[in-house]
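Student: This is the structure I want to talk about, given as structure tokens.
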Amino acid sequence: MPQPNNVINLWVYMEEWSRCVSARYQRDALYRHGQFDSCSEQYSDLKNMVYAKSLSDEQKSKDLETQTFYRTHLGSDPKNSPTAGFIWDLKKVPGWEVEEPTEAE
């Protein structure tokens, strides 16, 4: 029987799904989009990653993970933020990199 691999962290996908079904997230989804989120992408990711975790081929597991909704739409990239464009707009230059205008004496 093949042994599960260590390249997939199932907790990431479990937390994403549980965050999505939480009352706070659903309230925010209702406010931003006018409807509740079905969380089907997160649940699908969770199911697929349980399968990927069971594979003994680590490269195939990594390939499956790169195709997940989490990696393609969320993750740590600010451009993938669910609030960008709905609540706030992304700046081209972050505020801490903008030079303050100097006053002429």
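Each reported figure results from applying straightforward, stated rules to the coordinates on display, with no laboratory input. What you see is a predicted model; the values in this text were computed from it and never measured. When we count neighbours, we look across all protein chains shown, and the Cβ atoms used for this are built from the backbone with ideal geometry, even at glycine.
Student: Would you mind calculating the gained length between SER18 and HIS33 on full extension (0.36 nm times residue separation, minus the Cα-Cα distance), in nm to one decimal?
Tutor: 3.4 nm
Student: Per residue of segment 50-56, what does 6.51 cos²θ - 1.76 cosθ + 1.60 with θ = phi - 60° give for ³J(HN,Hα)? Whole Hz please, x for Gly and Pro, Karplus curve as stated.
Tutor: Each residue's phi maps through the Karplus curve to give 5, 5, 4, 5, 7, 6, 8 Hz.
Student: Can you tell me which of 10-17, 41-48 comes out highest on packing, and rank the rest after it, using the mean Cβ neighbours within 10 Å?
Tutor: With the highest mean Cβ count within 10 Å placed first, the list reads 41-48, 10-17.
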